[in-house]
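Asker: Got a structure for you, written out below as structure tokens; questions coming shortly.
The values are calculated or read from the model by the stated rules, or taken from the named source; none is laboratory data. The structure presented is a predicted model; accordingly, all values stated were derived computationally and were not measured. Using ideal geometry, Cβ is built from the backbone for each residue, glycine included, and neighbour counts are taken over all protein chains shown.
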Amino acid sequence: MPRGELGDLAMLSNPQPRPAACCIVFWDYDTQWGADRSRSPEGARWSGCTEFENTERLLELHAQYEVPACFAVVGAAALPGERPYHDPAQIRRIHANGHEIASHSFHHEWLPGIGRSRLLETLRRSKDALEQCIGAPVVTFVPPFNQPFDHASRGSFSLSERREAGPGRTDLPRLCAALRETGYRVCRVSYRSLPERVRDWFVGGSVDRPVLPEAIAGLTCVRLNTPGGFAEASTAVLSRCVRAGGITLVYGHPHSLHAGNAQDERWLAPFLEQVQRLRRRGLLRVCLPHALRVGD
Ligand SMILES: [Zn+2]
């Protein structure tokens, strides 16, 4: 799996007229821990076992198209035990295939309402379990449910987080401060300002723009700019990125690889093929989040 280009990310934030075009692929590896904590009204519609089975296919596809990815893993899955809650051997295999292992909390908790002491605990336990499993540092974090969304200084407000989690809630800056305190360096974040959401509502959808790494509470963050999956909305951002530079972040769940939605293999395979083609033409880099820096 090629890794050489990953060290050349300074271009992304240098004051150049056009930053390098870069794509990051994330897989949120929830396992049964995530299925048990589904916030969908009808509960989880998938079983944790499909996460492990489909991951084997993902490893084949990523090797075929030579695209390294970042797997955000629920830390408890790295402890000894059986599927559908645990498979440390598969997590080691993902890492050995050249992919980054990130933390996706310890038990896939909903972070806005967890409180500070439990927040610090899940961040620490997950990092520790994953590092012991793979024998390498884990520095990237992906919040379950892509929340907290609330980031008031950037005009992003979540009424449901404020209502459900109350005044002591974990908003995005508080999460980032806790991540720094527990030894993480990078976080995938998800927020969108109120004016942008109003505009999305008027046009009946959104096509986001490429992003650059940004600092939130001193932590390097990259904002998710695709809606999940590998269909037209994601390829539209990728095309903008190739034209103008900046980062495209795409993500999916292994358990959805054959779900028939935008995360399905029928969208993923052409997307990876396009990334491979653009990369061979020198128009796109494939990045891993651990190499990102703000203001290099
Ligand atoms: Zn998740």
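Asker: Exactly one condition in (1) within 19 Å of A269 (Cα to Cα); (2) surrounded by fewer than 21 Cβ atoms within 10 Å (Cβ to Cβ); (3) in contact (Cβ under 8 Å) with a residue 12 or more places away in the chain; (4) among the acidic types (D, E) is not met by D28; state its number.
Answerer: Just one mismatch for D28, condition (2).
Asker: Could you count how many residues in region 166-190 are of a type in the set (D, E, K, R), surrounded by fewer than 22 Cβ atoms within 10 Å (Cβ to Cβ) and over 13 Å from L111 (Cα atoms)?
Answerer: 3
Asker: List the residue pairs whose Cβ atoms are under 6 Å apart, where the first residue sits in region 129-154 and is in a loop (DSSP other than H, G, I, E, B), the second is away from the ligand (no atom under 16 Å from the Cβ) and of a type in the set (K, R), and the two are 6 or more positions apart or on different chains.
Answerer: Listed by first residue and then by second, the contacts come to V138/K127; V139/R185.
Asker: Mind listing whichever residues of region 132-165 are under 24 Å from D36 (Cα atoms), modelled with pLDDT of 95 or more and more than 16 Å from the ligand (Cβ to nearest atom)?
Answerer: Listed by number, the list holds a single entry, C133.
Asker: I want to confirm something. Restricting to region 63-81 and keeping residues that are more than 16 Å from the ligand (Cβ to nearest atom) and under 13 Å from Q132 (Cβ atoms), which single residue is surrounded by the most Cβ atoms within 10 Å (Cβ to Cβ)?
Answerer: Within region 63-81, the first condition is being more than 16 Å from the ligand (Cβ to nearest atom), and the residues that meet it are 63-68, 79-81.
From what's left, under 13 Å from Q132 (Cβ atoms): 79-80.
Values: L79: 15, P80: 9.
Among them, the one singled out is L79.
This table checks each residue for (1) more than 16 Å from the ligand (Cβ to nearest atom); (2) in a helix (DSSP H, G or I); (3) within 17 Å of the chain's Cα centre (by Cα); (4) in contact (Cβ under 8 Å) with a residue 40 or more places away in the chain.
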residue: F230; (1), (2), (3), (4): yes, no, yes, yes
residue: S234; (1), (2), (3), (4): yes, yes, yes, no
residue: V237; (1), (2), (3), (4): yes, yes, yes, no
residue: Y251; (1), (2), (3), (4): no, no, yes, yes
residue: H255; (1), (2), (3), (4): no, yes, yes, yes
residue: A259; (1), (2), (3), (4): no, no, no, yes
residue: R266; (1), (2), (3), (4): yes, yes, no, no
residue: Q274; (1), (2), (3), (4): yes, yes, no, no
residue: G282; (1), (2), (3), (4): yes, no, no, no
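Asker: Just to check your reading of the model, which residue among G43, G75, G81, G48 is on the phi > 0 side of the Ramachandran plot and either at pLDDT below 95 or touching a His at 6+ places or on another chain (Cβ under 9 Å) (or both)?
Answerer: That would be G43, the only listed residue that is on the phi > 0 side of the Ramachandran plot and either at pLDDT below 95 or touching a His at 6+ places or on another chain (Cβ under 9 Å) (or both).
Asker: Continuing with this model, one more query. Restricting to region 18-36, what's the tally of residues that are over 18 Å from the mean Cα position of the chain (by Cα) and under 25 Å from G113 (Cα atoms)?
Answerer: 2
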